[in-house]
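As structure tokens, the structure follows; a few thoughts come after it.
The values are calculated or read from the model by the stated rules, or taken from the named source; none is laboratory data. Predicted, not measured: the structure shown is a model, and the values here were computed from it. Every residue, glycine among them, receives a Cβ derived from its backbone with ideal geometry; neighbour counts consider all protein chains shown.
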Amino acid sequence: MIRAFYTARSSLVSQQLHLDTIANNVANINTTGYKPQQVSFSALMYENINGGAGNSISVGHGVRVGKMGLDFEQGILNQTNMPMDCAILGPGFFAVEDRESGEITFTRDGNFKKSIERNRVYLVNSNGDYVLNDRMRRIEIEEEFDYKEIGVFDFENRYGLQMVGGNRFAATDESGNAERVREPNVKVGFLENSAVQLSKEIVKMIEASKGFSLGSRVIHTTDEMERIINQLR
């Protein structure tokens, strides 16, 4: 009986994380340049038990989340006609420097604007963080905005990037260092829509809900069986 409790618990924990991930994707369906997260599962260790008559039965110990991945599918470009909006068509990321911490992260959100600081004008994103050029330096606008000054970077393994909130990614050992894209395809006057597809997320939500419900029923049934056994003693 205890085995059933642990197996069902692993299902509940995994499916709850799956539902939380789906909810976060749906919440960002209108977030510029957002890339949805995906959850993959792996089975826990199996063991063989005596099934009688010389037969063995393979029994599993449940399931766990094997990996949290990212879907870098290209989002649809939305024409805004705003002269400082930029969208990347194809692979690549804009580099931004956090105004407070100085941390450099990467994003697909090209909703840029000017920030006037004393007698200088810098290119910043919607959060006020500095947009960087291809040498990882702040872009200072002297006369007119030139989108060609914006650096576009990619990674040897972009799926190894870490989401850090604010629609940004951080480089990791798995992703490797940022490498400059020499001929990026940047569209001015456009923004990239979120890559979240609501229909797919609804299907995944139904599957995860059924998995969670099944785990709950297993725990309830096992608890009832335990109660009955205890009453027979």
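Of all the criteria given as (1) buried (at least 16 other Cβ atoms within 10 Å of the Cβ); (2) at pLDDT below 95; (3) more than 30 Å from residue 201 (Cα to Cα), the one not satisfied by residue 133 is (2).
Of the residues examined, residue 47 is not one that is within 18 Å of the chain's Cα centre (by Cα) and either at pLDDT 95 or above or of a type in the set (Asp, Glu) (or both). Annotation: of all residues in segment 139-157 being farther than 19 Å from residue 120 by Cβ and of a type in the set (D, E, K, R), the one that is surrounded by the most Cβ atoms within 10 Å (Cβ to Cβ) is 154.
The set of residues from segment 215-228 being surrounded by 14 or more Cβ atoms within 10 Å (Cβ to Cβ) and aliphatic (A, V, I, L, M) comprises 218, 219. Considered as a group, the residues in segment 198-210 that are surrounded by 15 or more Cβ atoms within 10 Å (Cβ to Cβ) and of a type outside the set (A, V, I, L, M) include one that is modelled with the highest pLDDT, and that residue is 201.
Going by the structure shown, is residue 160 surrounded by fewer than 19 Cβ atoms within 10 Å (Cβ to Cβ), under 21 Å from residue 194 (Cα atoms) and over 20 Å from the mean Cα position of the chain (by Cα)? Here the answer is no, as residue 160 does not meet what is asked.
Rundown of residues vs (1) surrounded by fewer than 23 Cβ atoms within 10 Å (Cβ to Cβ); (2) in contact with a strand residue (DSSP E or B) (Cβ under 6 Å, 6 or more places away or on another chain); (3) of a type in the set (A, V, I, L, M), yes/no style:
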residue: 83; (1), (2), (3): yes, no, no
residue: 87; (1), (2), (3): no, yes, yes
residue: 93; (1), (2), (3): no, yes, no
residue: 97; (1), (2), (3): yes, yes, no
residue: 102; (1), (2), (3): yes, no, no
residue: 118; (1), (2), (3): yes, no, no
residue: 121; (1), (2), (3): yes, yes, yes
residue: 127; (1), (2), (3): yes, no, no
